[in-house]
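Shown next, in structure tokens, is the structure this report addresses.
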Amino acid sequence: MDANLPAGLVSLQARAAELAAAILAPNAERVDQDAQWPATGMRALADAGLLGLHVPRHLGGYGEGLLALSVITEELGKACGSTSMCYGMHCVATQVIAAKATPNQEERYLRPIAEGRHISSLALSEPASGVFLYLPRATFEHAGESFLLNGEKAFITSGAEADSYVVSAVAYGDEHDPSTFTCVLVDKGSEGLHWGKPWNGFGMRGNSSRSARLDNVHVPASNLLGREGDHIWYVFEVIAPFFLTAMAGTYIGIAQSALDGAIASLKGRRFAHTPEPLADNPVLAHDVAEMWLRVSRARQLTHHAAKLGDARSPEAVQALFAAKIEAADAAVEVTRIAMTVAGGRAYQDGGPLQRAMRDAQAAPVMSPTTHLLKTWLGRTALGLPPL
Ligand SMILES: Cc1cc2nc3c(=O)[nH]c(=O)nc-3n(C[C@H](O)[C@H](O)[C@H](O)COP(=O)(O)OP(=O)(O)OC[C@H]3O[C@@H](n4cnc5c(N)ncnc54)[C@H](O)[C@@H]3O)c2cc1C
């Protein structure tokens, strides 16, 4: 728990924690086993007003920033990684829309989001560019009063479930020129938007992270986000900070849930030959200390990075890279240790620890991946540009 959170955020955190315990946690096993998109959890978040976390106050939202995103996603991640990821991607998409919203976009997207009537998501990744999600090959071209979109997208969280998608594309004919990178909003059900097969991931199984083909999809010109070729501004000012923070928060929540599960297991495990619970064993206390350290370090670093980001500090970029690296590492390591200290019973039974371990494995491979972030962090520490 961070004792230095602003009072308004503490009450939002409490609301998220309550909702996570009452609604997300009881549904998490079914969401995971059936690879079911978490409609009930997302409905509960909408009803609690939390979809509007980043919608400006004058449009009915909370106008919150990175710190709030890290705190809320951690609470949700403790109960259900998939719901937290769907919520996190919705929040990143909301911030992309809000960053330079036109009056038309405020009324058509941001106000409905604040009122819990609209869920959005991000369609940046592509099979053609893999982890380099800032190098799309999908194209847009002008067609009268609209844009015409073509291309292949991959891993779209809440695919076929969200109401709109922030889609990245480059100008047709200039596919090799990343400076034409442009974001537009594509509405659910748009003609020519074809979804790939249902998501059946190793973890994050409720995520519905589906591929999609854009086949001459017409998008009204009013759905352009910012200006054409806003590439650098969106990637570094909006997408990267919010994406990294949403993921860091979610994976810290998953790691915390594994730590809690391991502690409960150690306290509850007794043998016939001794009255002491396994929690009394000093070797296993070391394992608990290791888990505790990793979760606490990742949380402190993420809050620090988020505060720098909210204050528009030039040091935020490095801190945010580091936060996602640490959170991913914590999730993978803590869930691994938790599975070990909970013994063969956890291995045999399925349940929350197994789910946490599978969900955590997505952390280092979700872009920006740990590989890329370590390169970028090292380069910035060397005084070089990250890319
Ligand atoms: C659960 C989940 C949810 C997701 N949600 C979304 C979403 O909502 N929206 C979205 O747009 N995308 C999303 N993604 C996509 C994600 O961000 C990545 O783009 C995707 O996982 C890349 O997978 P790939 O197989 O194409 O990786 P590849 O690009 O094939 O990379 C494979 C491995 O090689 C490493 N690698 C590649 N190039 C380099 C290099 N130059 N230096 C060092 N290492 C390198 C990578 O780090 C990675 O470990 C999601 C992915 C997952 C798993």
| message | Just the residues that are surrounded by fewer than 14 Cβ atoms within 10 Å (Cβ to Cβ) and either small (Gly, Ala, Ser) or over 22 Å from ALA306 (Cβ atoms) (or both), please, taken from region 1-17. | response | ALA3, ALA7, GLY8, SER11, ALA14
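Give me the residue from region 328-367 that is within 16 Å of the ligand (Cβ to nearest atom) and in contact with a Leu (Cβ under 8 Å, 6 or more places away or on another chain) and, out of that set, farthest from ASN27 (Cα to Cα). Explain how you work it out, then say what you get.
Looking only at region 328-367, we keep the residues that are within 16 Å of the ligand (Cβ to nearest atom), and these are 328-329, 331-332, 335, 355-367.
Narrowing the set further to residues that are in contact with a Leu (Cβ under 8 Å, 6 or more places away or on another chain) leaves 335, 367.
Details: THR335: 20, SER367: 27 Å.
So, considering only residues that are within 16 Å of the ligand (Cβ to nearest atom) and in contact with a Leu (Cβ under 8 Å, 6 or more places away or on another chain), the one farthest from ASN27 (Cα to Cα) is SER367.
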| Can you find even one residue in region 238-256 that is surrounded by fewer than 19 Cβ atoms within 10 Å (Cβ to Cβ) and either more than 15 Å from the ligand (Cβ to nearest atom) or assigned to a helix (DSSP H, G or I) (or both)? | no
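So which helices (runs of 4 or more DSSP H) stay within region 278-382 end to end and still have 3 or more residues that are modelled with pLDDT under 95 and not assigned by TED's automatic domain parsing to the domain that holds GLY206?
In region 278-382, the matching helices (runs of 4 or more DSSP H) lie at 343-349.
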| request: Could you list, in sequence order, all residues of region 181-212 that are out of contact with any His (no Cβ under 9 Å at 6 or more places or on another chain) and within 11 Å of the ligand (Cβ to nearest atom)? | output: TRP199, GLY201, PHE202, GLY203, MET204, ARG205, GLY206, ASN207, SER208, SER209, ARG210, SER211
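Out of the residues in region 62-86 that are small (Gly, Ala, Ser) and more than 16 Å from the ligand (Cβ to nearest atom), state the one that is surrounded by the fewest Cβ atoms within 10 Å (Cβ to Cβ).
GLY63
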| field | Pairs where the first residue, in region 188-201, is in a strand (DSSP E or B) and the second is among the aliphatic types (A, V, I, L, M) and away from the ligand (no atom under 15 Å from the Cβ), C-beta under 8 Å, 6+ apart | value | LEU193/VAL217
| message | Would you confirm, using the coordinates I've provided, whether VAL166 is modelled with pLDDT of 95 or more and either charged (D, E, K, R) or within 13 Å of the ligand (Cβ to nearest atom) (or both)? | response | yes
| Matching option when the condition is buried (at least 18 other Cβ atoms within 10 Å of the Cβ) and within 24 Å of LEU382 (Cβ to Cβ), among ALA306, ALA331, ALA316 | ALA316
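Which count do you get for residues in region 211-223 that are surrounded by 19 or more Cβ atoms within 10 Å (Cβ to Cβ), among the hydrophobic types (A, V, I, L, M, F, W, C) and more than 23 Å from the chain's Cα centre (by Cα)?
Initial filter on region 211-223 (surrounded by 19 or more Cβ atoms within 10 Å (Cβ to Cβ)): 211-212, 214, 217, 219, 223.
Imposing the further condition that a residue be among the hydrophobic types (A, V, I, L, M, F, W, C) reduces the set to 212, 214, 217, 219.
Checking which are more than 23 Å from the chain's Cα centre (by Cα) leaves us with 214, 217, 219.
So the count comes out to 3.
Based on this model, can you work out whether ALA240 counts as modelled with pLDDT under 95 and small (Gly, Ala, Ser)? Outline the logic, then answer.
Working: modelled with pLDDT under 95: yes; small (Gly, Ala, Ser): yes.
When the stated conditions are applied, ALA240 passes them.
Give TYR109, TYR134 a once-over and let me know the one that is modelled with pLDDT under 95 and among the hydroxyl-bearing types (Ser, Thr, Tyr). Spell out the reasoning first.
Details: TYR109 fails: modelled with pLDDT under 95.
Going through TYR109, TYR134 in turn, just one is modelled with pLDDT under 95 and among the hydroxyl-bearing types (Ser, Thr, Tyr): TYR134.
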| said: Return the residues of region 90-138 that are within 16 Å of the ligand (Cβ to nearest atom) and of a type in the set (Ser, Thr, Tyr); say none if nothing qualifies. | reply: THR94, SER120, SER121, SER125, SER129, TYR134
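Anything in region 87-122 that is among the aromatic types (Phe, Trp, Tyr) and either under 10 Å from the mean Cα position of the chain (by Cα) or surrounded by fewer than 22 Cβ atoms within 10 Å (Cβ to Cβ) (or both)? List them, or say none.
First pass over region 87-122, keeping only residues among the aromatic types (Phe, Trp, Tyr): 87, 109.
TYR87 - this is the single residue of region 87-122 that is among the aromatic types (Phe, Trp, Tyr) and either under 10 Å from the mean Cα position of the chain (by Cα) or surrounded by fewer than 22 Cβ atoms within 10 Å (Cβ to Cβ) (or both).
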| task | Give just the number: which of (1) among the aliphatic types (A, V, I, L, M); (2) over 14 Å from the mean Cα position of the chain (by Cα); (3) within 16 Å of the ligand (Cβ to nearest atom) does LEU148 not satisfy? | result | (3)
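The values are calculated or read from the model by the stated rules, or taken from the named source; none is laboratory data. Nothing here was measured: the structure is a model prediction, and the numbers come from that model. Note that we place each Cβ from the backbone using ideal geometry, even for glycine, and neighbour counts take in every protein chain shown.
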